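The values are calculated or read from the model by the stated rules, or taken from the named source; none is laboratory data. Predicted, not measured: the structure shown is a model, and the values here were computed from it. Counting neighbours? That spans all protein chains shown, and the Cβs are built from the backbone with ideal geometry, glycine included.
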């Protein structure tokens with residue numbers, strides 16, 4: 001059974017976890033600083049730091065400056081190529097999705113064409129066999145076999161109407 005506690009019985013917490021010195025946030029928008037494309041190039045930064053501490057480690061300040069410049073350029077090129085690679089991969093993913101959709105559509109259309117071919121043969125058979133069965137039914141009626149003649153004649157008429165008036169699957173969709 002659940003025991004109901006009165007609000008007066010609930011103990012006060014010893015520590016609330018708040019100092020009570022909170023203030024509201026500023027209403028102004030803080031501008032975003034655009035990062036340098038060179039920032040985040042760890043090898044160039046490391047070499048630049050080493051050369052700043054001991055510029056003559058490579059023999060002269062000119063060699064050190066050329067090395068740092070070359071590393072910055074190479075790292076910048078790597079970052080640019082990474083961005084281009086990401087863009088190319090996204091384009092490839094989109095193209096792959098489009099190709100998949102086109103292949104699916106082509107398969108559906110091919111199945112419709114195959115179904116139409118099968119259906120056309122059935123219609124042609126019905127249109128050809130219907131009059132033959134009507135003729136056989138008439139011959140049975142002339143030979144005093146009325147029941148067989150009517151049955152075969154009606155089946156022939158049904159086949160003929162099926163061949164003429166049946167709708168193709170393509171027309172339904």
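For (1) part of a helix (DSSP H, G or I); (2) touching a residue at least 40 places away in the same chain (Cβ under 8 Å); (3) over 16 Å from residue 49 (Cα atoms), each residue gets a yes or a no:
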position: 66; (1), (2), (3): yes, no, no
position: 79; (1), (2), (3): yes, yes, yes
position: 89; (1), (2), (3): yes, no, yes
position: 95; (1), (2), (3): yes, no, yes
position: 99; (1), (2), (3): yes, no, yes
All but one of (1) out of contact with any helix residue (DSSP H, G or I) (no Cβ under 6 Å at 6 or more places or on another chain); (2) surrounded by 10 or more Cβ atoms within 10 Å (Cβ to Cβ); (3) without any contact (Cβ under 8 Å) to a residue 24 or more places away in the chain hold for residue 149; state the number of the condition that does not hold. (1)
Collect the residues in region 117-133 that are more than 21 Å from residue 153 (Cβ to Cβ) and surrounded by 14 or more Cβ atoms within 10 Å (Cβ to Cβ), keeping them in residue-number order. 119
Given (1) exposed (fewer than 12 other Cβ atoms within 10 Å of the Cβ); (2) in contact with a helix residue (DSSP H, G or I) (Cβ under 9 Å, 6 or more places away or on another chain); (3) modelled with pLDDT of 85 or more, where does residue 157 come up short, assuming only one miss? (1)
